[in-house]
């Protein structure tokens with residue numbers, strides 16, 4: 001049995017070698033410290049690789065293959081699972097970025113309205129932290145930092161550093177820059193929001209052009225080729241007196257379903273998270 005201290009030592013060494021993982025774990029808002037998550041990934045990788053190696057061993061014994069193939073199978077599965085688990089925070093960050101980008105315009109406009117009405121910045125941040133979607137959580141973190149004694153400039157700077165959305169960082173940067181220089185916050189924030197709105201409109205137009213290309217490929221690959229190809233296959237098989245097993249049609253149906261799901265995934269993934 002492997003001593004648990006081995007995993008602790010490995011996690012500590014890994015975090016020292018790759019300290020940037022601390023930032024990504026924090027930005028993803030996962031309920032782990034960096035060392036804890038690396039340890040979790042190592043345990044999952046070891047357990048998964050042992051299970052995969054056992055299955056590979058059964059196949060090797062059944063087909064009388066060299067048992068030494070078991071070692072590269074164990075090593076590759078160990079590294080692959082470990083790498084996959086470590087990539088999960090990056091996927092979470094990407095998801096949070098898309099969610100924040102969807103609401104950043106409305107959250108920024110809400111904050112701008114409060115500032116233009118004459119409310120102080122701190123009071124505006126408090127109102128924003130109680131008002132709008134996922135962005136309100138980030139505003140609340142800023143307010144909590146300020147309430148614990150952190151200067152407002154430092155609290156906003158920390159929020160910029162550990163935020164998943166580059167667009168939301170730009171909004172915070174205008175607040176930070178205006179506080180540092182003493183310039184008017186409302187004008188700078190309004191210009192930034194207008195620029196972000198223009199970028200999102202461009203993203204929508206680009207998505208429309210991509211969608212037209214996707215539809216052409218979809219019609220050709222998922223509609224035209226299967227229907228015409230299957231028809232030609234049946235006609236040729238009748239001329240050549242070839243017997244067609246029912247399993248062939250199930251295999252074709254399976255690949256058609258895979259293609260349909262693939263197109264759905266690609267279209268959904270390329271859709272900009274915009275809510276104008």
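The values are calculated or read from the model by the stated rules, or taken from the named source; none is laboratory data. Everything numeric in this text was worked out from a predicted model, so none of it was measured. Using ideal geometry, Cβ is built from the backbone for each residue, glycine included, and neighbour counts are taken over all protein chains shown.
So residue 239 ticks every box in (1) at pLDDT 80 or above; (2) exposed (fewer than 12 other Cβ atoms within 10 Å of the Cβ) but one. Which box is left unticked?
(1)
So which pairs qualify, if the first residue must be in region 11-35 and assigned by TED's automatic domain parsing to the domain that holds residue 82, the second must be buried (at least 19 other Cβ atoms within 10 Å of the Cβ) and assigned to a loop (DSSP other than H, G, I, E, B), the Cβ gap must be under 9 Å, and the two must be at least 6 apart or on different chains?
As it stands, the answer is 27/163; 27/164; 28/164; 29/164, since those pairs meet every condition given.
With respect to residue 98, is the statement that it is at pLDDT 85 or above and part of a helix (DSSP H, G or I) true?
Considered against the rule, which asks whether it is at pLDDT 85 or above and part of a helix (DSSP H, G or I), residue 98 comes out as no.
Kindly indicate which of 14, 32 is at pLDDT 90 or above and either surrounded by 14 or more Cβ atoms within 10 Å (Cβ to Cβ) or within 16 Å of residue 79 (Cα to Cα) (or both).
14
Condition (residue is under 24 Å from residue 22 (Cα atoms) and either modelled with pLDDT under 90 or in contact with a helix residue (DSSP H, G or I) (Cβ under 9 Å, 6 or more places away or on another chain) (or both)) applied to region 104-126: is it met by at least one residue?
Among the residues of region 104-126, not one is under 24 Å from residue 22 (Cα atoms) and either modelled with pLDDT under 90 or in contact with a helix residue (DSSP H, G or I) (Cβ under 9 Å, 6 or more places away or on another chain) (or both), which makes the answer no.
Can you name the residue in region 60-83 that is surrounded by 12 or more Cβ atoms within 10 Å (Cβ to Cβ) and over 25 Å from the mean Cα position of the chain (by Cα) and, of all such residues, is modelled with the lowest pLDDT?
65
Hey, among 233, 249, 265, which residue is in a helix (DSSP H, G or I), without any contact (Cβ under 8 Å) to a residue 12 or more places away in the chain and surrounded by 14 or more Cβ atoms within 10 Å (Cβ to Cβ)?
Criteria check complete, one pass: 233.
Where in region 105-192 are the helices (runs of 4 or more DSSP H), entirely inside, with at least 2 residues that are in contact (Cβ under 8 Å) with a residue 12 or more places away in the chain, assigned by TED's automatic domain parsing to the domain that holds residue 21 and over 26 Å from residue 29 (Cα atoms)? Outline the logic, then answer.
Working: elements: 121-129, 135-147, 152-161, 166-181.
Output list is empty.
Rundown of residues vs (1) surrounded by 15 or more Cβ atoms within 10 Å (Cβ to Cβ); (2) closer than 30 Å to residue 22 by Cβ; (3) modelled with pLDDT under 85, yes/no style:
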| residue | (1), (2), (3) |
| --- | --- |
| 173 | yes, yes, no |
| 176 | yes, yes, no |
| 184 | no, no, yes |
| 194 | no, no, no |
| 198 | no, no, no |
| 215 | no, no, yes |
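Can you tell me which of 78, 46, 68 is free of Cβ contacts under 8 Å to residues at least 24 places away in the same chain and part of a helix (DSSP H, G or I)?
When all the criteria are applied, what remains is 68.
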